[in-house]
Amino acid sequence: MTTIPVGESTATTDVSGESPATAPALKLELVVIPVADVDRAKAFYTRLGWTVDVDLRVADDYRVVELTPPGSPASIIVGTGVTDAAPGSARGVHLVTRDIEATHADLVARGVEVSDVFHDAGGVFHRADPASRVAGLAPGRASYGSFVEFADPDGNTWTVQEITERIPGRVTQARYDSAAELAEALRAAAAAHGEHEARTGQADANWPEWYAEYLMRVAAGQQPPE
C-alpha cells in the first residue's frame, strides 16, 4: 500500500491495482506530556513563551492544562488524570524552527538547560545513540539536519530541529506564524507576479488566483508559477 499526499487528504493506492480509497485529512492536534507536578510543568512551559490555552481544574484528581508553542498548530496537555504514562517518560517530541542558533540563544536566555547544536554523523535524522552526534550545524546547514535538545523538570525530552526548506510535496497548506512573515511572502509574490505580467505583456486580471498558487507552491517547496 502506497500513500500519496493529495491536497488535505491522502489517497492510498493498492499495488494489486484495486481502486484507490481516499482518507479524510488528519492533523496532529496535541501530545499528552506526563508530569508529576502540574504547576511546575506549567511554569516551565510558560517560561518558554508557550501560551496557556486552558487550565481546567475539574476535580481534585482531574486537571487539564493545554499549552501551545509559538506559531504551532499543535499543542500539548499536562495535567492530573490525563495519562497513565510515567512522569518524564516522553522522549524526543520534536519542535521545528527556521533558525536553530536563534532558538538555542532564546532557550538559554530563558534559563533552559539546552544542548549545544549538533547533527548526526551519517544521516539526516539523528539517531538515538548520542555517540553518533557531531557538534555544530549540519554540513552546508542542510535543512532537517541540525538539532538541539532540552528536558522539562520531569525529564521529558524535547528535540528542536531546524527546517529551512521543506521536502517537495511535504506541505499541502500554507501557514504563516506572524503578520510580518505573511507580508514578506506577499511582497515576494508581488515581485514575481510583476515579472509574470512583464513576460506576458499584459495585466493579469486573475492576480488573486496567481498569488494563491504562488504562495502554496513556495510553501510546498515546489517551483512557483511562471
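The values are calculated or read from the model by the stated rules, or taken from the named source; none is laboratory data. Here the structure is a predicted model, which means the values were calculated and not measured. As a convention, Cβ positions derive from the backbone with ideal geometry for all residues, glycine included, and neighbour counts pool all protein chains shown. Keep in mind that these areas ignore ligands, DNA and RNA; they rest on the heavy atoms of the full protein, side chains included. Shrake-Rupley method; radii C 1.70, N 1.55, O 1.52, S 1.80 Å.
Data overview
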| quantity | calculated |
| --- | --- |
| Counted residues, region 123-153 - those being open to solvent by 70 Å² or more (accessible area, probe 1.4 Å) and either β-branched (Val, Ile, Thr) or touching a Ser or Thr at 6+ places or on another chain (Cβ under 8 Å) (or both) | 2 |
| Filter result for Val38 (open to solvent by less than 30 Å² (accessible area, probe 1.4 Å) and touching a residue at least 24 places away in the same chain (Cβ under 8 Å)) | yes |
| Within region 75-92, considering residues that are surrounded by fewer than 13 Cβ atoms within 10 Å (Cβ to Cβ) and under 29 Å from Gly136 (Cα atoms), the one nearest to the chain's Cα centre (by Cα) | Gly92 |
| Any hit, region 62-69, residues being basic (Lys, Arg) and exposed (fewer than 14 other Cβ atoms within 10 Å of the Cβ) | no |
